[in-house]
Amino acid sequence: MADLSVRCAGVPLRNPFLLASGIWGESGDSLAGAWRAGAGGVITKSIGSAPRPGYPNPTVETYERWGLLNAMGLPNPGIDEYPTEIEAARRAGATIIGSVFGGSAEEFATLAHRMATTGVVAIELNLSCPHAEGFGTEVGSDPGEVEEIVRSVVARVKLPVIAKITPNTSDPAALAAAAEHGGAAAISAINTLRALAIDVRLRRPVLSHGIGGLSGSAIKPVGLACVWQIYEQVSIPVIGVGGIMNAEDALEYVMAGARALEIGTAITFGGIGVFARLAHDLSALLDDLGISRLEEAVGVAHSKP
Ligand SMILES: Cc1cc2nc3c(=O)[nH]c(=O)nc-3n(C[C@H](O)[C@H](O)[C@H](O)COP(=O)(O)O)c2cc1C
């Protein structure tokens, strides 16, 4: 079977499939469960300075054909409470990446510093939530701000820093380049696409927050284009995320330039067993294509004939 192990941002991964932030609960048990199910690593829910209840329901709507629309409002227990959950996942042996969100460079740096003491192997900065006022896309759409945030985090932590950037901008690759200048060790792309659904009978948006974020199959081509452009713009590794439902989706992202992959909505539709299925099917697909190591396939679609 083809070798799926990869090294990304200096972190060795048994396979490229990481649990995406915010998808499979936020408890230590659920992170450990994803690890036991075969994930190559797990990324925590994005954690902020203080507990946040999130938005009132409805916060998620499922669309069978193309994915999910969500506006959770970044619910989380806050950085003071969260380390006990990470400890539970660590006891299961999981490779854990800690995700944080903040409203300023200083807040990001303080949170990342705290997160770095919990035993995580890297920090992912959520610079890209499309529906949380004062956070995410609101601080992550300007290259200057992205560079400043990454730079202040890198100055405070020794761990690799991954910048998760937004597709809700005209030039995502410029955001990635700014993060690289700030010292990021890797880029993850993409977060959800800003989106809306209206309930025509109620004459109002389906989600309580109105605008939400779209994930799943529908956003795969957008994610691929972002990864493609970012790969050409930066020399640090790219982590692909957005609508990866099967092995072929995964290999498309790798050939576009991704060195690791994050899996989100596929879990909602296929259960946590999706990690074992993806690893098995990707190995088989690589065997069929005569590729013995996944790393050999990174970015190959860019080479000119
Ligand atoms: C319900 C839900 C909650 C999410 N929460 C977070 C979060 O806390 N932090 C973050 O960086 N991304 C969050 N995301 C975005 C995912 O990590 C991922 O980038 C996105 O869903 C695209 O991947 P997918 O199509 O495989 O789901 C969330 C997505 C969903 C659907």
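The values are calculated or read from the model by the stated rules, or taken from the named source; none is laboratory data. If you're wondering where the values come from, they're calculated on a predicted model, not measured in any experiment. FYI the Cβ positions are ideal-geometry reconstructions off the backbone, even for glycines, and counts take in every protein chain you see. Surface areas here come from the heavy atoms of the whole protein model, side chains and all, with no ligands, DNA or RNA. Shrake-Rupley method; radii C 1.70, N 1.55, O 1.52, S 1.80 Å.
Listing for the model above:
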| item | result |
| --- | --- |
| Candidate aspartates and glutamates - alpha carbon under 14 Å from K164, same-chain residues fewer than 8 apart omitted | E124, E138, D142, E145, E147, E180, E262 |
| With every protein chain in place, the stretch 233-283: carbon and sulfur % of accessible area (1.4 Å) | 50 percent |
| Cα gyration tensor shape for the stretch 121-272, rounded if a/c is under 1.5, else prolate or oblate | oblate |
| Among A9, H280, L224 the positive-end extreme of the charge dipole of the chain (Cβ point charges) | H280 |
| Segment V206-D171, length gained on full extension (0.36 nm per residue, minus Cα span) | 9.7 nm |
| Gyration tensor verdict on the stretch 1-134 (Cα atoms; rounded if a/c is under 1.5, prolate if a/b is larger than b/c, oblate otherwise) | oblate |
| Cα centre as origin, Lys/Arg/Asp/Glu Cβ charges: the stretch 77-211 dipole, Debye | 440 debye |
| Accessible carbon and sulfur surface of the stretch 1-129 relative to its total accessible area, %, 1.4 Å | 52 percent |
| Percentage relative contact order, the stretch 87-213, counting C-alpha pairs under 8 Å, at least six apart | 22 percent |
| Mean accessible surface per residue for the chain, computed with a 1.4 Å probe while every protein chain stays in place, in Å² | 40 Å² |
| Prolate/oblate/rounded label for the chain (Cα gyration tensor, a/c 1.5) | rounded |
| Cα-centre dipole for the stretch 1-86 with unit charges at Cβ (Lys and Arg positive, Asp and Glu negative), debye to 20 | 240 debye |
| Mean separation of Cα contacts under 8 Å (6+ apart) over length of the chain, as relative contact order % | 20 percent |
| R0 of 30 Å, Cβ-Cβ distance S303-D29: FRET efficiency to nearest 0.05 | 0.10 |
